[in-house]
Amino acid sequence: MTKQYAEMDWHAQARALQPDGRAYVDGARQPLKMHFTKHSPLDGRLLGEVSRGGAAEIDQAVCSARRAFEDGRWSRQAPTQRKRVLQRFAELLLEAREELALLESLDMGKPLRNALQVDLPASARCLAWYGEAIDKVYGEVAPTAAHALALITREPMGVIGCVVPWNYPLIMACWKLGPALATGNSVVLKPSEKSSYTALRLAELAVEAGLPPGVLNVVPGLGHEAGEALALHPDVDAIGFTGSTRVGRCMLEYAARSNLKRVYNELGGKSAFLVFDDHADPAAAARTAAASLFFNQGESCNAPSRVMVQASIADAFTEQLVESARGFRAEHGLDWSAPMGALVDEAQLRSVEGYIAAGAHEGARLLLGGQRCQQGSGGSYMQATVFDQVHNHMRIAREEIFGPVISVLRFETEAEAVAMANDSPYGLQAAVWSHDINRAHRVSRALRAGTVHVNQYDEDDITVPFGGVKQSGNGRDKSLHALDKYTELKTTWIQIDD
Ligand code: NAD
C-alpha cells in the first residue's frame, strides 16, 4: 500500500479536489452567506470559500441538535445500533482516506504521508473503538438497605459543543465525536477557521453511515464569533474544547456567564524530556526527541520542547540531536518524502520567528536552523531549529512555541531536573530516560504531568487517557474515561415493599 501511495501523483489529485466549505446543519449543506477565503499554507493556492458562522448559524445548529436529542432519533437508540453506525462511520472514513488526507494536508500544511498513515487510521480507530465499547458499559446497583433499590445509570447529557484546533483537525474532532456520539448525545462541532474542510466532510460521512440528520452539525467560523456563540449558548450542556490555554480560560468565562455548562479543557503544553547519564543509549534518546518534536512541524501539544540533559552527557547528546534534526527538512507536503510540511499560516510562521529572535536575544545558543525556508513557494516553511544553553526562565522555555524549535537545558542532579521540569505553568506530558529502575519510578512519580513516558516518547493508544494537569487542562480525551465527560450520573431510588 505504501509503495502504491508513494508512486501516486498527489499533486494531480489535489488539483482535481473541490473542497466544500459550506456549513452542515440538520443533515444538509447550508447556503454560503458570510464567508472567508482559504488558501493552502503549502503553496498559497486558493482552496475556496468557507462559511463564517455567527450567532445565528450557531443557534440554528444548536436547535437542530436539541430537536434531534429530544425526539430520541439517536439518544434513545439501542447501544448496539449506535455501535453499528459508528463502525460504519469509521469504515467510510477509511474509504475516503485519500480525499481526506489531501484535504488535511492542503488545509493545514502537514505532510500528506502523515495524514494518510497516522491521522486517518487513528481517527477511524477512535470512532470504531467507541462504537465497540458502548454496548459493554454497564450501570450500577448500589449496596443499600433491603427496603429500597438504588440504580445508578449514565445518561447522555444533551447537546455537546465541540471546539477544536487546527493541528490534528480530524483526530481532535474524532476524540470528541467518538465518546460524545457513542453515549447518545447530539453535537455541534466548530472546527478551527484554519482547517475546516475535513470536519465538514466528516459530517457528511456520518449521515451516510446512518447517523440521523441533526445529530452532528458542523459550523465553521472564527473563534470570537462562532466559537464564542457556541460556548455562550444557553442550550448547550457541555463544551469539549481543545486549543490554547488562553482560549480555555475564555471557555470557563463563557460557561460562567451563560448556563454553567460543563467545560472540558484540553490545552497547551511545554513538555519536559529528561535524559540521565545512566541511560545506556543517549543517542536513541536524542533521535526520539527530534522525531517527536519535529513531527507535524512541531505543531503538537505534547511536543517535547524542553529537553533536559545531564551535564556529563550533554555535549554528545546535543551533537546527536542536531544530526537528527538535520533530517527534518521542510518540504512541500504533497511530496511523499517530505519529512516536515508547512506551518499552518504566515501568522504562525511569524510567531515562531519571534520566539527564535527572543531565544537568541536572551542568550540561548542557536545550533541549527532559525530561518524561514522554501521562500518563493507561496507557503509558510520554517527550518528545524535547535537551541542549546537554554535556561528555564527564558521565553522559549516557558511559552508554547508550536513550531519546529527544540531547546536543550542542562542539569547536574536528579532533584534539579525534577524541579526544573515541574517549574512550568503546563503539565501535559513528560519523559524520563534512565536505566536505573528506581530513578525511573521515582522521577515518573515526581513529575507533574498527565502522561509520563519512560525510555520512549510517542507510544499512544486509544485505550489510554490523554490530557494534562495545571494549565494544560482538566479533561481527558480517549479511553473509557472519556465516556464520563459526556454522560450524567443519575440515581433512581425504587421502594420495595414487603
Ligand atoms: P486556539 O485556542 O487559538 O483555537 C482553538 C479553537 O478555539 C479554534 O476552533 C478557534 O477558532 C477557537 N477559538 C479561538 N478563540 C476563541 C474564542 N475567543 N472563543 C471561542 N472559541 C475560540 O488554538 P489553536 O491555535 O487552534 O491550536 C493550538 C493549541 O491547541 C495549542 O495550544 C495546543 O497545545 C493546543 N492543543 C492541545 C491538545 C490537547 O489535547 N491538550 C491537542 C491539540 C492542540
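The values are calculated or read from the model by the stated rules, or taken from the named source; none is laboratory data. None of the values given here were measured: they were computed from a predicted structure. A quick note on method: Cβ atoms are made from the backbone with ideal geometry, for glycine too, and the neighbour counts reach across all protein chains shown. Note: areas computed on protein heavy atoms with side chains; ligands, DNA, RNA excluded. Shrake-Rupley method; radii C 1.70, N 1.55, O 1.52, S 1.80 Å.
Consider the range 343-366 and keep the residues that are hydrophobic (A, V, I, L, M, F, W, C) and more than 15 Å from the ligand (Cβ to nearest atom). The one that is nearest to the chain's Cα centre (by Cα) is I356. If you go through the range 143-177 and pick out every residue that is within 16 Å of the ligand (Cβ to nearest atom) and open to solvent by 50 Å² or more (accessible area, probe 1.4 Å), you end up with 0.
Residues in the range 456-469 that are surrounded by 18 or more Cβ atoms within 10 Å (Cβ to Cβ) and away from the ligand (no atom under 12 Å from the Cβ) were compared, and the one that is nearest to G268 (Cα to Cα) is Y457.
Among the candidates G468, G427, G475, G403, the residue that is of a type in the set (G, A, S) and at pLDDT below 95 is uniquely G475. Total residues in the range 442-454 satisfying the condition of being open to solvent by less than 50 Å² (accessible area, probe 1.4 Å) and either outside any helix (DSSP H, G or I) or over 26 Å from N422 (Cα atoms) (or both): the figure is 6.
Of all the residues in the range 422-432, those that are open to solvent by less than 10 Å² (accessible area, probe 1.4 Å) and either under 21 Å from A283 (Cα atoms) or free of Cβ contacts under 8 Å to residues at least 40 places away in the same chain (or both) number 3.
Residue-level analysis places H435 among those that are open to solvent by 10 Å² or more (accessible area, probe 1.4 Å), farther than 30 Å from M251 by Cα and away from the ligand (no atom under 13 Å from the Cβ).
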